[in-house]
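See structure below.
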Amino acid sequence: MDISTLRSKTREELERLLAEQRLQLEELRFRASARELKNIHELRAVRRTIARILTVLHSPAAKSSSGAARTPRALAA
């Protein structure tokens with residue numbers, strides 16, 4: 001899934017999608033351990049999708065706290 005499509009979704013949609021992707025990752029891991037999974041690269045794709053979702057979910061918090069925390073001179077003045 002593309003990052004731009006993820007950024008256009010609401011927080012609730014992202015959380016639902018994250019839960020679905022985590023369940024899919026769990027299922028793929030079970031199938032891989034039982035040697036039923038033919039395309040092992042699916043694991044990588046799902047992990048990357050989860051990382052993208054988490055990046056989008058955490059990005060507003062990172063933007064709001066990045067100001068004064070990075071400038072120690074602002075704190076000293």
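Each value in this text was obtained by applying a stated rule to the coordinates, not by laboratory testing. These numbers come from a predicted model, not from an experiment. Cβ sites come from the backbone with ideal geometry, for glycine too, and all protein chains shown count toward neighbours.
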> L23 to S59: FRET efficiency via 1/(1 + (r/R0)^6), r the Cβ-Cβ distance, R0 30 Å, to the nearest 0.05?
Replying inline: 0.80
> Principal axis lengths of region 3-62 from Cα atoms, whole Å, largest first?
Replying inline: 40, 18, 17
>> Are there any trypsin sites (Lys or Arg not before Pro) in region 19-54 that are in a DSSP loop and have at most 14 other Cβ atoms within 10 Å? List them by number.
In response: R35, K38
>> Taking the number of other C-beta atoms within 10 Å as the exposure measure, put L57, L25 in order starting with the fewest.
In response: L57, L25
> Extension gain S8-A32, at 0.36 nm per residue separation less the Cα-Cα distance, in nm?
Replying inline: 5.4 nm
